[in-house]
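Beneath this line is the structure, given in structure tokens, with notes to follow.
What follows is calculated from the coordinates using simple rules that are stated; it is not laboratory data. These numbers come from a predicted model, not from an experiment. Reconstructed Cβ throughout: ideal geometry from the backbone, glycine too, with neighbour counts over all protein chains shown.
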Amino acid sequence: MMATEDNNFPSAQRDALFAEGKIAINNVRVFDGHQLLPATTVIIENDTIKSIGLGTDANTHIDGNGGVLLPGFIDAHAHPRNVTDLQDLSRYGVTTAMLMACFSSQHCQSLKDHAGLVDIVAGSVPAAAPGSTHAKIVVMMDGNEDRLVKNASVASQWVDDAVAWGPDFVKLIADSPGLDQQALNILTKRSHEHGKRVACHASALEAYTQASSAGVDSIQHVPLDKPVSPDLARHIASRGQVVTPTLSIMRAISDASPGTRNYTAAEESVKQLKEAGVPIVAGTDANLVQGLVATVPFGISLHEELRLMVDAGLSPAEALRAATSVSAQHWGLYDRGVIAPGKRADLVLLSGNPFEDISATKTIQRVWLAGVEFSGAIGTF
Ligand SMILES: *[C@@H]1O[C@H](CO)[C@@H](O)[C@H](O)[C@H]1NC(C)=O
Ligand SMILES: *[C@@H]1O[C@H](CO)[C@@H](O)[C@H](O)[C@H]1NC(C)=O
Ligand SMILES: *[C@@H]1O[C@H](CO)[C@@H](O)[C@H](O)[C@H]1NC(C)=O
Ligand SMILES: *[C@@H]1O[C@H](CO)[C@@H](O)[C@H](O)[C@H]1NC(C)=O
Ligand SMILES: [Zn+2]
């Protein structure tokens, strides 16, 4: 029973957190989520981006010193458990995070809607089969064997129960031993009937094939046994699925058990998936759960993930899109992931240029979360 404490601290009136009137961020090169634009001015008003390059009418002026302004980063796979974790994500410029598993709806809801902190998109309890590795995790976190998916005939009802509290998406686990293909298919179909996206864990090649065949929307992780073949990568692309490789945790796991887990295979999969045109989404699997799989720190790991994706063959621009516009598009978060008029003012101001060297994301001068500036931005690290 680890994930049960609540985080219902009083949050200040949202309006009181905004700076007075309009803020102009001058002299910044803008990464709009797609490409890097020449130096200009971005104006934000309350929680919204007002304009780019139009006028300088504002109450407050901030000199960007020729730095790069980006959409706030999205960590599309994380396991924050308390407000300290949310603050760490925010400090490092992560303005949206997908909470990849909820064991207590009350606890997960207590992590949502904190003005001035990272915005949380929450998943369901993971669908895991009795006897699987993840069954132990579900039982440990939740203390309840009844939450496991016993067989395909109960899969549809399992989804109905899992979405009852209103998670934003459904989390499945493909593994062997684990859910069979029929159960995965039914879980996916029923989730879609509820209008929920399906994110499926798969960290071995066989499970990857199963997840793709089931028609899930995103596959989480990359195999640590053998790389995804060009054929499988094309199949994933043709089904419109996206992949969140979570190289941070794949590397941590393979470092912890060298010889049995192959990080080179993980990198090779990223190359094959990119080659096949599969959209790649940035996620870290950040978690501080001791003794479970491997711990990955919040916030700082998103910057490590960007570097690992570049090492695995993405260009800096592709890695930055994976953490902004591509992720927002996949998750249906059409109000963010780009810098454009009318979008949420989720912004990160860097002093360096990550298009020259991806490690320049580690020069965070300022962070805004829906227009609220975070006072503890990490700076250069
Ligand atoms: C911004 O907030 C102020 C104060 O609440 C309000 O008067 C103004 O209309 C808001 N602007 C927009 C564009 O919503
Ligand atoms: C959040 O959890 C971490 C351990 O995971 C702990 O160190 C920290 O003190 C906790 N913060 C709060 C506010 O409970
Ligand atoms: C599936 O599991 C349920 C719940 O444990 C059980 O009642 C049912 O008999 C099982 N069905 C099959 C076909 O094994
Ligand atoms: C790890 O994977 C790479 C890429 O597929 C392969 O070339 C290498 O032989 C593998 N190493 C081991 C120890 O299996
Ligand atoms: Zn995870």
Could you tell me what percent of the DSSP beta bridges with both partners in the stretch 32-161 are antiparallel, to the nearest 5? 35
For the chain, what does -39500 (n - 2.57) per DSSP helix run (n ≥ 4), summed and divided by total residues, give at 222 nm, in deg cm²/dmol to the nearest 500? -8500 deg cm²/dmol
Once the convex hull of the C-alpha atoms of the stretch 264-381 is built, how many Å³ does it hold per residue, rounded to a whole number? 133
Answer check: the stretch 106-172, Cα atoms, Kirkwood Rh, Rg/Rh ratio of 1.03
Relative contact order computed over the chain (Cα-Cα under 8 Å; 6+ residues apart), in percent: 20
Find which of Leu205, Val149, Pro126 sits farthest along the positive direction of the dipole of the chain, computed with +1 on the beta-carbon of Lys and Arg, -1 on that of Asp and Glu, about the Cα centre. Leu205
Take the alpha carbon atoms of the stretch 154-226, find their center, do the same for the stretch 322-370, and report the distance between the two centers in whole angstrom. 29
Suppose every K and R has +1 on its Cβ and every D and E has -1 on its Cβ; what is the size of the dipole of the chain about the Cα centre, in Debye to the nearest 20? 400
Space enclosed by the convex hull of the alpha-carbon atoms of the stretch 73-330, per residue, Å³: 111
With no solvent and one equal point scatterer per Cα, compute the Debye intensity ratio I(q)/I(0) for the stretch 96-212 at 0.11, 0.18, 0.20 Å⁻¹ and report its log10, rounded to two decimals. -0.33, -0.87, -1.06
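Which of the pairs Lys22/Lys112; Lys22/Lys50; Lys171/Lys196; Lys50/Lys343; Lys171/Lys274; Lys271/Lys362 have their Cα atoms more than 19 Å apart in this structure? Don't skip to the answer; put the middle values down first.
On the way: Lys22/Lys112 26 Å; Lys22/Lys50 9 Å; Lys171/Lys196 10 Å; Lys50/Lys343 8 Å; Lys171/Lys274 24 Å; Lys271/Lys362 25 Å.
In this structure, Lys22/Lys112; Lys171/Lys274; Lys271/Lys362 exceed 19 Å between Cα atoms.
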If amide H atoms are built 1.01 Å from N in the plane of the peptide, which residues on other chains or at least 5 residues away come under 5 Å of the amide H of Val125? Cys102
